[in-house]
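Asks: Structure incoming, see below.
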Amino acid sequence: MTIALLHARSTYVWLGLVIVTLVSWAVGAEHGVGSAVAILVLALALTKVRFVGLDFMELRNAPILLRAAFEAYCVILWMVLAAMYLWL
Amino acid sequence: MNQLAVRSAVADDRSAKRHIPGEPGVWIFLFGDMVVFGVFFATFMYERAQARELFDDSRHTLSIGIGLTNTLILLTSSLFVVTAMRAIRRSQRGTAQLLLAGALGCGLAFVGFKAIEYTAKVSQGHVPSENNFYLYFYILTGLHLFHVVIGLAVLTLLLNQARKAELSPTRTAFVEGGACFWHLVDLLWIVLFPLLYLVS
Amino acid sequence: MHVKIEKASVWLGLGMTGAFLVMFWFIAGVIPPLDPNDSAEESARIYSDNQLRMQIGFALMIFFAYLYAPFFAVLSRQIRRIEGYWGSMSVTQILLSVTFPFGFSLCALFAAAAAYRPERAADVTQALNDVFWFIFVGLVGPLITQVLIVALAVFVDKREVPSFPRWFGYFNIWYAVLGAPGCAIYVFKTGPLAWNGMFAFWIPLTVFVIWIIVTGVMLLKAIDVEVAERERYAAQREWEPAA
């Protein structure tokens, strides 16, 4: 019964999130100070956030306004953190 | 697929489009929390810019293994919760309760690992007053831990609700909202882990 | 029911918040906050350099802080209406509302004492200054508890026409979570959890102003709900609840 339940989009998303997490760790653990790798790691993080919102919080089927606000949050947060990393 | 099936599938899609997970009010809280944590993240990046070498050196003294494990634990717990929601919708109460119990276990494991991590750091001499990095490390992870503990209470309530044969619309909204709060806890850690352990 | 007086009480609370900002920010100048890391001499010098404006700002606050009371009287009454009687939720609201004006006037008393005699030892002035911030920024418990009770009341309101929309309950929880870090200032002298820090001062101050404006608007609407309910009772010739 549980196995049948797990045949869903959310499970595949979970798999993707786990892989991206491991990739982030492998890439980001040793990169020194002030490198572009950090921007990539941040981008991966906010992409994971996006999928958690869309497929775990089920925003994919939410009113467009709510979904757009969430996606905007992901983009804006990434831009702000990346900008602060590079230019402060 | 015949005409009727196609039309009903499209109708399902259209009505599914208009569903707010939980209730509108929950999103005031969730978005509010996300925005304020965003401010916290930005504050951390600002402090980092004032002392890049210090932050990078301090970052290397963190136990990245525990951080990574905790990230995977929370991701798995979120999977359990979203699958439990689907089980509830199909009235598979037993499975839903099992999955929610699993999520609860993951949450407890997270807290356990955090306790181990904090103890290890403190015994190595890394206390909040050591430097700015550790000050923010303890404050940000502490605030997140506070959310996790609240999340554990919410999961327990959801576990209770999953025992009922049928949920009223208000109860369903509450359960969905509670699930979204747990996903928020996961979401915040997804940003915190790379921010503190990788990007610093 | 004196609708105009009830609504005026709400507006008074909103006005007092503006007045509080004027008194503490523009007149006394304690917003932006002093630095907890300053030495006793530095703190004492700030008080003696700005003595007159600080004394006036604090004196005004000590006098006017109690004008917050009617706002919280309305809040307590609306909670009582949800509860149906003077139960633990609404009575606790009243008890905690009693302490609310002191969060402004009591701290101002200490600061006024700090500014009173610039010729005294700097250590004494610093100690009085510390207490001002400990009360002003650190005493968050009463209001946090109040808003959690409001959230609880909003969620248990089972009447046909509720006084508050459900999102207002979530909004109060949001405020409680963000206002809480103020309690940590007793342990830190620098950083975001010190009394001049981002997490312990600026965010709680911002969310407090937002909270009082939103709650004020919600109370005005709740009063309208009450008026409609009383008219319904009157039309059906039913006894209306006195409180």
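FYI, it's all coordinate maths here, none of it is from the lab. Everything numeric here is computed off the predicted structure, so don't read it as measured data. Ideal geometry is used to build each Cβ from the backbone, glycine not excepted, and the neighbour counts take in all protein chains shown.
Asks: How many nm is it between the label spots at B:T156 and C:Q236, if each spot is 7 Å from the Cα in line with the beta carbon?
Replies: 4.0
Asks: Let me ask something else. Percent of alpha carbon pairs in region B:23-199 separated by more than 22 Å?
Replies: Summing the P(r) of region B:23-199 above 22 Å gives 48 percent of all pairs.
Asks: How many angstrom separate the Cα center of region C:219-239 from the Cα center of region B:83-128?
Replies: If you average the Cα positions of each part, the centres end up 48 Å apart.
Asks: Which value in nm describes the separation of the simple spin-label points at B:V35 and B:A49, placed 7 Å from the Cα toward the beta carbon?
Replies: Reported label-point gap for B:V35 and B:A49 is 2.2 nm.
Asks: Extending each Cα 7 Å along its Cβ direction at C:T206 and C:W86, get the distance between those two points in nm, one decimal.
Replies: Each label point lies 7 Å from its Cα, and together they span 4.1 nm.
Asks: Let me ask something else about it. Under the rule of -39500 (n - 2.57) per DSSP H run of 4 or more residues, summed and divided by the residues of chain B, what mean residue ellipticity at 222 nm is obtained, to the nearest 500 deg cm²/dmol?
Replies: Calculated from helices alone, the mean residue ellipticity at 222 nm is -28500 deg cm²/dmol.
Asks: Sort all Cα-Cα distances of region C:166-215 into consecutive 10 angstrom bins from zero, then give the percent of pairs in each bin up to the one containing the longest distance.
Replies: Percent of Cα pairs in each bin: 29, 46, 21, 4.
Asks: Let me ask something additional. For peptide B:94-106, how many partner chain Cβ atoms fall within 10 Å of a residue's Cβ, on average?
Replies: Average per residue, whole number: 1.
Asks: Same structure again: What average count of beta carbons from other chains do you get within 10 Å of the Cβ of residues in A:63-76?
Replies: 2
Asks: Which whole-Hz ³J(HN,Hα) couplings does region A:11-27 yield from phi under the Karplus relation 6.51 cos²θ - 1.76 cosθ + 1.60, θ = phi - 60°, glycine and proline marked x?
Replies: Values per residue, Gly and Pro as x: 5, 5, 4, 4, 4, x, 4, 4, 4, 4, 4, 5, 4, 4, 5, 4, 6 Hz.
Asks: Loop by DSSP (not H, G, I, E, B), at most 15 other beta-carbon atoms within 10 Å: where is the longest site-free stretch of chain C for chymotrypsin sites (Phe, Trp or Tyr not before Pro)?
Replies: The longest uninterrupted stretch comes out as C:87-238.
Asks: For n ≥ 4 DSSP H runs only, could you compute -39500 (n - 2.57) per run for chain C, divide by its residues and tell me the 222 nm figure to the nearest 500?
Replies: The helix contribution divided over chain C gives -22500 deg cm²/dmol.
Asks: Which whole-percent values make up P(r) of the protein assembly as shown when all C-alpha to C-alpha distances are grouped in 20 Å steps starting at zero?
Replies: Here the calculated profile for the protein assembly as shown is 19, 47, 30, 4, 0.
Asks: Give the range of the longest stretch in chain C that excludes all GluC sites (Glu not before Pro) found in loop regions by DSSP and having at most 13 other beta-carbon atoms within 10 Å.
Replies: With GluC sites (Glu not before Pro) excluded where exposed in loops, chain C gives C:1-118 as its longest stretch.
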